[in-house]
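Have a look at the structure below before the remarks.
The values are calculated or read from the model by the stated rules, or taken from the named source; none is laboratory data. Bear in mind that the values here come from a model prediction, so they are computed numbers and not experimental data.
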Amino acid sequence: MELPRWSQARRARLKYPCTESMDSLMEALDMAKCPKDGTEVARPTKEWNVAPKSKKGPKLHIKLYTCPKCGHKWREAAKV
């Protein structure tokens, strides 16, 4: 299932505020906030998985984001 762009989902959410499926759609998009100016970024610039060489720790999923306003770059990591 291909998800619509976050701006389309946000417009639909404002038009139909009681729709539960739109709420779950917005949660699925999981937008990140710029730590410097608070701008919401919909998609990461780059994504990759990292596994430890010793094979003893958890695998990580790294996302690299770039703020469209200020140009600040930051990373977010999550355990896989």
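For the reader, a short list of remarks on this structure follows.
- Looking across region 36-70, the residues that are of a type in the set (S, T, Y) and at pLDDT below 95 come down to T39, S54.
- Residues of region 40-51 that are over 10 Å from T66 (Cα atoms) and β-branched (V, I, T): V50 alone.
- Any hit, region 6-22, residues being assigned to a loop (DSSP other than H, G, I, E, B) and at pLDDT 90 or above: no
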